[in-house]
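The values are calculated or read from the model by the stated rules, or taken from the named source; none is laboratory data. Just so it is clear, the model here is predicted, and its values are computed rather than measured. Here Cβ is always computed from backbone atoms with ideal geometry, including for glycine, and neighbour counts include all displayed protein chains.
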Amino acid sequence: MHEFDSFDPSLLSALAMAAGEDNVVMSEPMRAHTTFKIGGPADVLVTPETPEALVRVLDVCAMGPVPVLVVGNGSDLLVGDRGVRGVVVLLRENLAAIEVEGSRVRAQAGALLRDVAIAAADAGLSGMEPLWGIPATVGGACFMNAGAYGGSTSDVLESIEAYVPGPELPDGSRASGRVRTFSREELSMGYRKSRVHDDGLIVLSATFSLVPDAPEQIRSAMDDFQRRREEKQPLEMPSAGSTFKRPEGYFAGKLIMDAGLRGARVGGAQVSEKHCGFVVNADGATAADVNGLIEHIQAEVKQQFGVDLETEVRRVGEF
């Protein structure tokens with residue numbers, strides 16, 4: 001494995017050839033690429049502009065071997081204060097094309113769910129309404145089977161096109177990967193989980209199967225979901241969405257509120273006073289602040305109610 005204090009010039013050259021020189025930058029602060037507005041520098045950040053370039057970048061990293069983290073909107077991530085070693089591949093705005101054909105919508109991995117839902121509504125296609133306010137890209141939504149208000153990505157997903165990592169070689173590197181299509185049934189999608197996560201697949205695009213409906217009805221439902229979000233969620237403050245998964249038989253936010261933790265703080269991190277299921281960046285929080293508050297919440301809820309809270313937020317990088 002490469003040492004990243006002095007990044008291998010030949011690897012940088014290979015990444016530049018794969019993605020274009022202007023699309024490779026070093027020591028990029030990840031706080032600029034997460035909704036938490038927290039995170040140290042990525043050794044190298046790459047923004048491929050085509051599916052072919054993305055595949056080339058992933059192959060370069062696999063054969064390095066170099067650790068690679070694919071990031072969409074950064075809406076479910078807590079990046080460590082010391083940053084991310086290796087290569088971060090950013091898919092947002094780039095690789096964001098959306099196409100509507102009949103009752104299907106095909107979107108590249110970097111497209112925001114919001115934009116997919118708007119395109120569907122414009123075409124008179126229903127099904128994306130509960131998902132449209134989730135600040136995720138299509139790739140991220142498939143990775144964690146994102147959902148809200150009783151709807152999940154798996155409800156409308158028909159298939160994905162994904163990069164499958166190649167087999168590991170004796171020197172620790174991997175052979176070139178391959179691209180294949182997976183049906184929804186092949187993806188083992190459950191509550192905030194999928195085969196995309198478990199098998200390390202990298203989503204290139206997804207196809208959603210929707211139902212025709214009157215555009216005004218679809219827009220009305222979208223507006224209703226948005227009002228509910230604005231009333232109940234701290235959308236005005238940086239966060240990574242719901243901090244904890246819903247424990248069976250409970251609601252995380254209510255457990256945290258009942259534990260007397262509304263407004264609790266560690267450094268700049270705070271339990272939202274508007275919705276206790278959210279930890280927010282109230283005042284220049286560090287990843288260490290957020291981690292400390294998460295651990296405090298987990299300990300208090302376990303002690304008071306005997307319930308283990310599992311984080312929905314993914315912690316990546318070095319803390």
### Task
Pick out, from region 89-194, the strands (runs of 3 or more DSSP E) lying fully within it that include 2 or more residues that are among the aliphatic types (A, V, I, L, M).
98-101, 104-108, 157-164
### Residues within region 91-107 that are surrounded by fewer than 24 Cβ atoms within 10 Å (Cβ to Cβ) and either in contact with a Ser or Thr (Cβ under 7 Å, 6 or more places away or on another chain) or aliphatic (A, V, I, L, M) (or both), tallied
9
### Task
From (1) at pLDDT 95 or above; (2) in a helix (DSSP H, G or I), pick out the condition that doesn't hold for ARG315.
(2)
### Message
Against the conditions (1) farther than 30 Å from GLU236 by Cβ; (2) crowded, with 22+ Cβ neighbours inside 10 Å; (3) of a type in the set (Gly, Ala, Ser), where does GLY39 fall short? Just the number, please.
### Response
(1)
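Out of the helices (runs of 4 or more DSSP H) lying entirely within region 215-306, which hold 3 or more residues that are touching a helix residue (DSSP H, G or I) at 6+ places or on another chain (Cβ under 7 Å) and at pLDDT 95 or above? Full working, then the answer.
On the way: elements: 215-232, 252-258, 287-305.
Correct list: 215-232, 287-305.
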### Query
If you scan region 71-88, which residues turn out to be under 22 Å from GLU312 (Cβ atoms), in a loop (DSSP other than H, G, I, E, B) and either more than 11 Å from the chain's Cα centre (by Cα) or not small (Gly, Ala, Ser) (or both)?
ASN73, ASP76, GLY80, ASP81
